[in-house]
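This report refers to the structure that appears directly beneath it.
The values are calculated or read from the model by the stated rules, or taken from the named source; none is laboratory data. Just so we're clear, the structure is a prediction, and the values are computed from it rather than from any experiment. Virtual Cβ from ideal backbone geometry, glycine too; neighbours counted across all protein chains shown. In case anyone asks, the SASA skips ligands and DNA or RNA and just uses the protein heavy atoms, side chains included. Shrake-Rupley method; radii C 1.70, N 1.55, O 1.52, S 1.80 Å.
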Amino acid sequence: SLTRGFGALLTGGVANITAAGGVLDITGGASVLGTVLRVGTTGIYTGTTGVLDINAAAATTGNIVTIAGTGLTSGTALLVNATTATLTTGFYLRCNDGAATDFSIGDDGATVITGSAAGTSALTVTAGDLIASAGTLAVTRATAYPFEANQTEDAASVEVLRIQGNRATPADGDTGYISLFLSDSAGNQDEQARIAWTATTVLTGATQDGDLVLSALVNNVLTTMLTLD
């Protein structure tokens, strides 16, 4: 056991260890409580180099930091704690390319990906689903189309897009619709047309009916133009 106290550290380091192989090798036995390695400050840290600074100036391959938890079951491999009331404009995680931030995770999990040029992948999911239980998905793009659905199933008839209304207490006449907006002369986004589908009869079975309704704006009034029933 070795304990040594130091006063306020302004510049430099408390210890400088240099070796050709492993610089510092710490092995902690089986422990329920306690920390094998602890780095902290007693006051409010205001520096910019970081309380813990890991610098691999000439690294070209391999891993700078490796966390191995082969026996991990219900724990967490990496935990970052902050206080939501004081985090405000700070980040849980920020990745820089030397000139700017490319990826960041802020308060409440707000994630920002800078990405590259249009048409390049900024987020790729090779399996599984992306699920948003609340909020709105907004896609904005200055050129070309902002959204693409590409169904690659090799079949004569494929479902490319599904839009559904899922009411807990369905009733005859329930309607779902897609609104189509454009800007007016004052710069407002106004609904110009609507594609709606109505469950005229919701009773499951052979008598179930549905309508397709097309509407357009006439004299500032959304007007039904065609109903397929």
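Would you confirm whether or not the range 154-177 contains a residue that is outside any loop (DSSP other than H, G, I, E, B), hydroxyl-bearing (S, T, Y) and either touching a Gly at 6+ places or on another chain (Cβ under 6 Å) or closer than 29 Å to V221 by Cα (or both)?
Kept after step one, since they are outside any loop (DSSP other than H, G, I, E, B), are these residues of the range 154-177: 174-177.
Filter once more, so that each one left must be hydroxyl-bearing (S, T, Y): 175, 177.
Now restrict to residues that are either touching a Gly at 6+ places or on another chain (Cβ under 6 Å) or closer than 29 Å to V221 by Cα (or both): 175, 177.
Taking every residue of the range 154-177 in turn, at least one turns out to be outside any loop (DSSP other than H, G, I, E, B), hydroxyl-bearing (S, T, Y) and either touching a Gly at 6+ places or on another chain (Cβ under 6 Å) or closer than 29 Å to V221 by Cα (or both).
Could you go through the range 4-18 and let me know if any residue there is part of a loop (DSSP other than H, G, I, E, B), at pLDDT 85 or above and open to solvent by 100 Å² or more (accessible area, probe 1.4 Å).
Initial filter on the range 4-18 (part of a loop (DSSP other than H, G, I, E, B)): 4-18.
Now drop any that are not at pLDDT 85 or above, which leaves none.
No; the residues of the range 4-18 include none that is part of a loop (DSSP other than H, G, I, E, B), at pLDDT 85 or above and open to solvent by 100 Å² or more (accessible area, probe 1.4 Å).
E159 fails exactly one of the following numbered conditions: (1) more than 28 Å from A118 (Cβ to Cβ); (2) modelled with pLDDT of 95 or more. What is the number of that condition?
Result: E159 fails condition (1) only.
Enumerate the pairs (first residue in the range 86-110 and without any contact (Cβ under 8 Å) to a residue 24 or more places away in the chain; second residue anywhere and open to solvent by less than 90 Å² (accessible area, probe 1.4 Å) and of a type in the set (D, E)) with beta-carbon separation below 6 Å, excluding pairs fewer than 6 apart on the same chain, so at least 6 apart or on different chains.
Matching pairs, first to second residue: L87/D107; C95/D102.
Please find, among V213, V221, the residue that is in contact with a Ser or Thr (Cβ under 6 Å, 6 or more places away or on another chain), over 30 Å from D102 (Cα atoms) and not aromatic (F, W, Y).
On the way: V221 fails: in contact with a Ser or Thr (Cβ under 6 Å, 6 or more places away or on another chain).
After ruling out the rest, the residue left standing is V213.
Determine the pairs where a residue that is at pLDDT 90 or above, located within the range 54-83, has a partner that is surrounded by 10 or more Cβ atoms within 10 Å (Cβ to Cβ) and assigned to a loop (DSSP other than H, G, I, E, B) with Cβ atoms under 7 Å apart, the partner being 6 or more residues away or on another chain.
What qualifies is A77/G69.
Mind checking which strands (runs of 3 or more DSSP E) fall wholly inside the range 82-149 and carry at least 3 residues that are among the hydrophobic types (A, V, I, L, M, F, W, C)?
Numbers: elements: 91-96, 101-106, 111-113.
Strands (runs of 3 or more DSSP E) meeting the threshold: 91-96.
Taking I44 and the conditions (1) within 26 Å of T111 (Cα to Cα); (2) aliphatic (A, V, I, L, M); (3) open to solvent by 90 Å² or more (accessible area, probe 1.4 Å), which numbered condition does it fall short on, given that it satisfies the others?
(1)
What is the one condition in (1) open to solvent by 70 Å² or more (accessible area, probe 1.4 Å); (2) assigned to a strand (DSSP E or B) that T207 does not satisfy?
(2)
Which of the residues belonging to the range 122-149 are hydroxyl-bearing (S, T, Y) and either open to solvent by 100 Å² or more (accessible area, probe 1.4 Å) or within 25 Å of N166 (Cβ to Cβ) (or both)? Outline the logic, then answer.
So in the range 122-149, the residues hydroxyl-bearing (S, T, Y) come out as 124, 126, 133, 136, 140, 143, 145.
Selection gives T126, S133, T136, T140, Y145.
Quick check: is even one residue across the range 82-104 open to solvent by 80 Å² or more (accessible area, probe 1.4 Å) and farther than 26 Å from G50 by Cβ?
Within the range 82-104 (the criterion being open to solvent by 80 Å² or more (accessible area, probe 1.4 Å) and farther than 26 Å from G50 by Cβ), the answer is no, since none of the residues qualifies.
Quick test of your reading of the structure: T152 fulfils all but one of (1) open to solvent by 80 Å² or more (accessible area, probe 1.4 Å); (2) touching an Asp or Glu at 6+ places or on another chain (Cβ under 9 Å). Name the failing condition by number.
Single failed check for T152: (2).
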